[in-house]
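One structure is given here, and the rest of the page talks about it.
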Amino acid sequence: MKPEPKELRVEEMILNMGPQHPSTHGVLRLVVTLYGEEVADVVPHIGYLHTGFEKVMENRTYHQNITFTPRMDYLHSFAHDLAYALSVEKLLGAEVPERARVIRVILNELSRIASHLIFVATGLLDLGAMTPYFYAFRERETILDLFEWVTGQRFHHNYIRIGGLKEDLPEEFVPELEKFLATFDHRVDDYQNLFVGSPIFEGRARGVGVVPPEVAIAHGLTGGSLRASGVNYDVRKAYPYCGYETYDFEVPLGKNGDTWDRMVIRLEEMRQSARIVRQALERLEPGPIRDPNPQFSFPDKKLLDRSMEALIYHFKLATEGFEVPPGEAYVPTESARGELGYYIVADGGSLPYRVKVRTPSFFNLQSLPHAARGHFFQDLVAILASFDPVLGDVDR
Amino acid sequence: MTRREKARAYAKERGFVVYEAHDLLHIELPLADFREAMAAFKEMGFNYLADVIGIDYLEYPEEKPERFAVVYELVSLPGYKDGDGSRIYPRVWVPEKNPRLPSVTDLWPSANFPEREVFDLFGLVFEGHPDLRKILTPDDYEGHPLRKDHPLGETPTLFKDGRYINPEQFRAGLKGKDKGLTGWRGGRRKGERR
């Protein structure tokens, strides 16, 4: 006699994921409520990487703070340098010369490509695809080498100065960058062929973790994850800075707002970034790279051993800093993760009175529970990866 | 008429302080009218709350109405429906003695994390917040680090030759309040005499 089939008994289970978990991209702790395999709720617990940058920045001069800014988002660090400098320049009324703006655009987009490469690589690694990881890191290594050439650093560039740049590009940089760009689009096609259309990826990503546009906006999503939901909001188009309005590029949009869209949209963004870099290279004309105002702009390094005045200015800027007129400024920028901006309150002294960083990852994480509810636990890993959080950017 | 101008007209009509600086439109809301005004801005089409910024004006050289201010960044998101990209920065002054203000999480759910952040780092209590817990600092950490009277908390340094740096004194030197151990004049706060 066969036993009667009983109904499967499912009870609530609370599972702790992280803070040290390979798929959380840093130190993020998720408390997941499960019914069987199904995610009922996710509560992100953050702050494990909180370093108090905002407090420390209140106690350093405006130029010293450029040391801290890239450490928040260590993948797209150039965006943080740029956003900080733009806000301070707004308070000062500094005018950045054209060549410096073009170089800023080139390096910002290169940094964005490097960040997206990591996103594609680690996001797919979380889904079990090893191969794209190694290919993407090859390209990223080339970009980091280029950065090392220009700035002397691979990650934390410290290349931007208030009013311009630290120094000019080395001569060999442009030919090497052209060599990289010549093969880059082809390489992006390769990555696309590696996973887009694969039945496993389709099954894991299509229709998983859908964020409708109204939910995304209500919970503060920005960047590629918001554009995957079909909202055409790119700060480079909406509030142009650094002359982005003069470049010809498209903003790729998704349709469904699922994990598939969020992953694939970044491939197209890489192509568009390369397109911007190509246009910027054509505009690269010789010229000054800093605002000539000696009140806040460092003198040319070559002048220091010849000109007494330059040495005095350099010493005063490096020790006392410069005074910024009282006021509050905020300039939104587009980082690889979304809207990034520094709200700076100046009191007239040479230390900022208050620095508030509007980091995109911090806000993007609020949409995670809405995307993950009702999906299987293993999909949570894919959904989290598709939001592209950087925990340094979350916790600051 | 953009939403920014609409918001300005609304604030003028209600008699709020409005000023523009560095392309930002600031609107100062009294605590009593705060909820009502924020709901009106939401009604106007500011569908996106980009940030909640706490500021402690304790050491600010200029006199301010209250010690704390909370600045909200409201955006009519371009690219979604009829969003026109207007941005406004309403702010509300919060008294030191009773640091409480109503939450806006019911209007913009994205205020959830940033309000918790302001609660954690400044100690301002948002009434009506669904889940007001600490967010960035550890659970056993006492105090609100972004308040101006919270010490920076560096470790004192003892050098080989017996020289000893007390961080507090060192910082005071940097801020120009005290000569400090190094004698370095440091960043100068406006209005400070030496």
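The values are calculated or read from the model by the stated rules, or taken from the named source; none is laboratory data. Keep in mind the model is a prediction, meaning the values are calculated, not measured. As a convention, Cβ positions derive from the backbone with ideal geometry for all residues, glycine included, and neighbour counts pool all protein chains shown.
When the test is whether a residue is outside any loop (DSSP other than H, G, I, E, B), of a type in the set (Val, Ile, Thr), surrounded by 19 or more Cβ atoms within 10 Å (Cβ to Cβ) and within 12 Å of another protein chain (Cβ to nearest Cβ), B:Val92 does not pass it.
From the residues in the stretch B:106-152 that are β-branched (Val, Ile, Thr) and at pLDDT below 90, which one is farthest from B:Ala40 (Cα to Cα)? Break it down stepwise before answering.
Taking the stretch B:106-152 first, the residues β-branched (Val, Ile, Thr) are B:118, B:125, B:135, B:137.
Narrowing further to those that are at pLDDT below 90: B:135, B:137.
Numbers: B:Ile135: 29, B:Thr137: 34 Å.
Taking the candidates together, the pick is B:Thr137.
Here A:Ser225 fulfils each of the conditions (1) within 16 Å of the chain's Cα centre (by Cα); (2) part of a loop (DSSP other than H, G, I, E, B) apart from (2).
Do the conditions hold for A:Asp190, that is, is it assigned to a helix (DSSP H, G or I) and in contact (Cβ under 8 Å) with a residue 12 or more places away in the chain?
yes
Checking the condition at pLDDT 90 or above, out of contact with any strand residue (DSSP E or B) (no Cβ under 8 Å at 6 or more places or on another chain) and either more than 10 Å from chain B (Cβ to nearest Cβ) or closer than 21 Å to A:Gly52 by Cα (or both), which residue from A:Ser335, A:Ser386 passes? Before you say what the answer is, go through the steps one by one.
On the way: A:Ser386 fails: at pLDDT 90 or above.
That would be A:Ser335, the only listed residue that is at pLDDT 90 or above, out of contact with any strand residue (DSSP E or B) (no Cβ under 8 Å at 6 or more places or on another chain) and either more than 10 Å from chain B (Cβ to nearest Cβ) or closer than 21 Å to A:Gly52 by Cα (or both).
Among the helices (runs of 4 or more DSSP H) confined to the stretch A:34-139, the ones with at least 1 residues that are within 14 Å of chain B (Cβ to nearest Cβ) and under 30 Å from B:Asn112 (Cα atoms) are located at A:53-57, A:69-72, A:77-92.
Please determine whether any residue of the stretch B:117-126 is touching a strand residue (DSSP E or B) at 6+ places or on another chain (Cβ under 7 Å), more than 11 Å from chain A (Cβ to nearest Cβ), without any contact (Cβ under 8 Å) to a residue 24 or more places away in the chain and over 26 Å from A:Asp234 (Cα atoms). Yes, the conditions are met somewhere in the stretch B:117-126. The set of residues in the stretch A:295-341 being farther than 23 Å from A:Tyr353 by Cα and assigned to a loop (DSSP other than H, G, I, E, B) consists of A:Pro299, A:Asp300, A:Leu304, A:Asp305, A:Arg306, A:Ser307, A:Ala336, A:Arg337. Of everything listed in (1) over 30 Å from A:Ile344 (Cα atoms); (2) crowded, with 22+ Cβ neighbours inside 10 Å; (3) not hydroxyl-bearing (Ser, Thr, Tyr), the single unmet condition for A:Arg112 is (1).
Scanning the stretch A:242-254 for residues that are touching a Lys or Arg at 6+ places or on another chain (Cβ under 9 Å), crowded, with 17+ Cβ neighbours inside 10 Å and of a type in the set (S, T, N, Q) turns up nothing.
Restricting attention to the stretch B:108-125, report how many residues are among the small types (Gly, Ala, Ser) and assigned to a helix (DSSP H, G or I). Break it down into steps so the answer makes sense when it comes.
Residues of the stretch B:108-125 that are among the small types (Gly, Ala, Ser), as a first pass: B:110-111, B:123.
The next check asks that each one be assigned to a helix (DSSP H, G or I); those that pass are B:110-111.
The qualifying residues number 2.
Polar (S, T, N, Q), surrounded by 19 or more Cβ atoms within 10 Å (Cβ to Cβ) and under 16 Å from B:Leu24 (Cβ atoms): does that describe B:Ser103? Steps first, please.
Working: polar (S, T, N, Q): yes; surrounded by 19 or more Cβ atoms within 10 Å (Cβ to Cβ): yes; under 16 Å from B:Leu24 (Cβ atoms): no.
Taking the combined requirement at face value, the residue does not satisfy it.
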